[in-house]
Amino acid sequence: MVGAGVLSLPYAMSELGWGPGSVIMTLSWIITLYTLWQMVEMHEMVPGKRFDRYHELGQYAFGEKLGLWIVVPQQLTVEVGVNVVYMVTGGKCLKKFHETVCPSCSNIKTSYFIVIFASIHFVLSHLPNFNSISGVSLAAAVMSLSYSTVAWVASLEKGVQADVDYSYRAKTKSDGVFHFLSGLGEVAFAFAGHNVVLEIQATIPSTPEKPSKGPMWKGVVLAYIVVALCYFPVAMIGYWVFGNSVEDNILISLEKPAWLIAVANMFVVIHVIGSYQIYAMPVFDMMETLLVKRWNFTPCFRLRFITRSLYVAFTMFVGIAVPFFGGLLGFFGGLAFAPTTYFLPCIMWLAIYKPKRFGLSWTTNWVCIVFGILLMVLSPIGGLRTLILSAKNYQFFS
């Protein structure tokens, strides 16, 4: 659950302001916990059947063809978007680590560090399934908790800056609106575990006496407690210390102590290595299923090797071409994460369970749907503008 998006939360707060930022973060935490509960409940709602993929649940709710067309494009956008962002994150944090450890060394291009980060995935991507990467996932979970703690503790230790300014970072009203919209997307990106939750629940043994939703829900609650302990201190303390001068990655704003910042950046690298694989696994599964079932390819190591290597290469080249962390978060956060995380589970719940109109369940789901749709429509506008402005003075593949 805790992704690299946590590092941009102080930046999102500087775009949203104290009041709106605090409200949106709290609402996002509550709504996404509720929609995650819905997905855990719906995993085994049909006796003797488990919906192990997001699109299988969509097909049950909306019909075979429509369900596929509603869910798969959105899920792919999320997973590919996260992988691109994690390529950029891994490369930039390797670069920051290098600069911190060896400040006198000659400057190396960010694109080279992204290639170094990608080379790890050319190896790891050939592990067959989720159980194979459980060790990597455990390391990623420990690292995310560690660098989140370093981010807010180091900020607290640094203390409020003498020239701190909590006014909106935009200078004009139009800029302020676009920054606000981008900030919405950055918050949405941070809450992004729903796209692989069914695949993860599918690995838990289940019997009629002991269904998988019991241990899965315990895991979800624990994960969300950790999310709260990571996200809120990083967002609030980071913004409190740096104000509107905070960078889109809080670790870049922190310079000292050098050894701790270097270690925190390496924690991020280890974390995004594991998280990249978790989000890539469903994409590998979809690609290989399509090639075998639709185009009659023979399932073999060669097929897996070629498809997975091509996918890693694709995300690497996109990351090198557009290495703008904040803009990518704002754009993908709204475009892809809002539907699959904030309101698609609610629509499925209404379609399947058909709760009483204007009852508590019906009203709650519609509130989540309206909030999520506004997020999906508005935040990509701000994120796209940030990307365009960032690209103005950027030399591609530099």
> What accessible area per residue, rounded to a whole number of Å², is obtained for the stretch 4-391 using a probe radius of 1.4 Å?
Replying inline: 43 Å²
> Using a probe of 1.4 angstrom, how much of the accessible area of the chain is carbon and sulfur, in percent?
Replying inline: 70 percent
>> Under a crude label model (7 Å from the Cα following the beta-carbon direction), how far is CYS105 from GLN161 in nanometres?
In response: 2.6 nm
> If you wrap the chain's Cα atoms in a convex hull and average its projection over all directions, what's the area in nm²?
Replying inline: 20.6 nm²
>> With a 1.4 Å probe and all protein chains kept in place, how much accessible area does GLU64 have, in Å² rounded to the nearest 10?
In response: 130 Å²
> Would you list ARG385, ARG308, ARG357 from the most to the least accessible area, probe 1.4 Å?
Replying inline: ARG357, ARG385, ARG308
> If you take the beta carbon distance between VAL23 and VAL292 as r and set R0 to 35 Å, what does 1/(1 + (r/R0)^6) give as a FRET efficiency, to the nearest 0.05?
Replying inline: 0.15
> Span-like helices, the chain: DSSP H, alpha-carbon axial extent 20 Å or more, mean Kyte-Doolittle -0.5 or greater, which ones?
Replying inline: 18-42, 64-101, 110-124, 134-158, 173-190, 213-242, 258-293, 301-321, 360-392
> Probe 1.4 Å, all protein chains in place: accessible area of TYR86 in Å², nearest 10?
Replying inline: 10 Å²
> If amide H atoms are built 1.01 Å from N in the plane of the peptide, which residues on other chains or at least 5 residues away come under 5 Å of the amide H of GLY63?
Replying inline: none
> Where the centre of each part is set by its Cα atoms, how far does the stretch 48-82 sit from the stretch 148-178, in angstrom?
Replying inline: 38 Å
> If you put +1 on each Lys and Arg Cβ and -1 on each Asp and Glu Cβ, how big is the dipole of the chain around its Cα centre, in Debye rounded to 20?
Replying inline: 620 debye
>> Sort 233-243, 206-216, 158-168 by the packing proxy (mean of other Cβ within 10 Å over each peptide's residues), most packed first.
In response: 233-243, 206-216, 158-168
> Which of the peptides 261-267, 91-97 is most tightly packed, and how do the rest follow, going by the mean number of other Cβ atoms within 10 Å of each residue?
Replying inline: 91-97, 261-267
> In nanometres, what is the gap between the two model label sites at THR149 and ILE116, each 7 Å from Cα along Cα-to-Cβ?
Replying inline: 2.7 nm
> So, how do all the Cα-to-Cα distances of the stretch 219-290 break down into 10 Å bins, in percent, from 0 on up?
Replying inline: 15, 32, 33, 15, 5
> In the full protein assembly as shown, how much of HIS126 is accessible to a 1.4 Å probe, in Å² to the nearest 10?
Replying inline: 30 Å²
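The values are calculated or read from the model by the stated rules, or taken from the named source; none is laboratory data. As the structure is a computational prediction, the values presented were derived from the model and not from experiment. Please note: Cβ atoms are built from the backbone with ideal geometry, for glycine as well, and neighbour counts cover all protein chains shown. SASA here: full protein model, heavy atoms, side chains in, ligands and nucleic acids out. Shrake-Rupley method; radii C 1.70, N 1.55, O 1.52, S 1.80 Å.
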